Amino acid sequence: MLLLRPPGVYRAQGDTSLLRHVLRERGRNGEFVGRSVLDVASGTGALGIEALRAGAASLTAIDLSRRSVAATWLNSRLHGIPAVVLRGDLFAPVASRRFGLVLANPPYVPSDTPSPPRYRMARCWDAGPDGRLLLDRICAGAPAVLDEDGVLLLVQSALSGEQATLDRFEKAGLVSEVLMRARIPFGPVLRSRAHTLRDRGLIGPDQTEEELVVIEARHG
Ligand SMILES: C[S@@+](CC[C@H](N)C(=O)[O-])C[C@H]1O[C@@H](n2cnc3c(N)ncnc32)[C@H](O)[C@@H]1O
């Protein structure tokens, strides 16, 4: 898929590809036809555009970064999709709306700092000491943005706690399960902080790969 990526915008990577793969597989049986899509933390817009290709009806996308908002807007037009693209913090810009399909590839990499980073690119991946700054907020906010029969698909690293995500969804009143897993070699960010992650016991002594998981959540 052709995607323009201005400087400072997340390059679609292994996590993006895994969720896109799930969208294509699940889209084959027409599951997403006619659904309204919310792509939260949209980056280039890759996920939302894939969902529209899989038959979804409309796309709303949100990102905190101005450049990502511009990239999602441009890429959606490039693919003939009149997406509504909003700048804001997670679900805040769509507080009173519900969607049939919610997609999220949020920042989830454990970092040294407890608060969201100021450096632009780090905002694409850093998510506090346990990697859950954004994940926990997505789990808590999901029920309010999901239609009665809506589906949320989220991708994260197992390093930031897949069971924690399942537990948080349950706490929020949703049922959830892991749909797919993939092992991928550490990218530059994890390689650069492998030492710290090892010291903190988050990865094994010789670990050079992480496991990505796609999690589905819906109303029970
Ligand atoms: C890992 S990238 C994912 C981009 C794209 N969805 C993909 O799969 O390629 C995470 C994105 O989250 C955005 N982001 C970070 N904090 C956010 C927040 N609080 N609200 C909305 N977006 C945020 C970043 O700007 C970045 O574009």
Practice task
For the chain, with a Gaussian network of springs between Cα atoms less than 10 Å apart, report the residue from R20, R97, R87 with the top mean-square fluctuation.
Solution key: R97
Completion exercise
the chain: antiparallel bridges as % of DSSP beta bridges, rounded to 5, reads 50
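State in Å² the accessible area per residue of the chain; use a 1.4 Å probe, count heavy atoms of protein chains only, and round to the nearest integer.
Details: 10080 Å² over 220 residues.
I get 46 Å² per residue for this part.
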Fill in the blank from the handout: Listed residues V33, V102, V69; largest mean-square fluctuation, Gaussian network over the chain with Cα springs below 10 Å, found at V33
Exercise for the section: Given the options A95, A122, A70, state which has the largest fluctuation in a GNM of the chain using a 10 Å cut-off (strictly under) for Cα springs. Expected result: A95
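Can you tell me the dipole magnitude for the chain around its Cα centre, using point charges on the Cβ only (Lys, Arg +1; Asp, Glu -1), in Debye to the nearest 20? Let's see the in-between values first.
Values: 28 positive and 24 negative charges, 176 e Å.
With Lys and Arg at +1 and Asp and Glu at -1, about 840 debye.
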Problem - Selected from P82, S176, L38, residue furthest toward positive end of dipole (the chain; charges at beta carbon) - result: P82
Fill in the blank from the handout: Taking protein heavy atoms only, a 1.4 Å probe, and rounding to whole percent, the accessible area of segment 14-219 owed to carbon and sulfur comes out at 52
Practice task
Calculate for the chain the 222 nm mean residue ellipticity that helices alone would give, adding -39,500 (n - 2.57) per DSSP H run of length 4 or more and normalising by residue count, nearest 500 deg cm²/dmol.
Solution key: -9000 deg cm²/dmol
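The values are calculated or read from the model by the stated rules, or taken from the named source; none is laboratory data. Owing to the predicted nature of the structure, the values given are computational and were not obtained by experimental measurement. In this analysis, Cβ positions are derived from the backbone assuming ideal geometry, glycine residues included, and neighbour counts consider all displayed protein chains. Just so you know, the surface numbers come from the protein's heavy atoms only, side chains and all, with ligands and any DNA or RNA stripped out. Shrake-Rupley method; radii C 1.70, N 1.55, O 1.52, S 1.80 Å.
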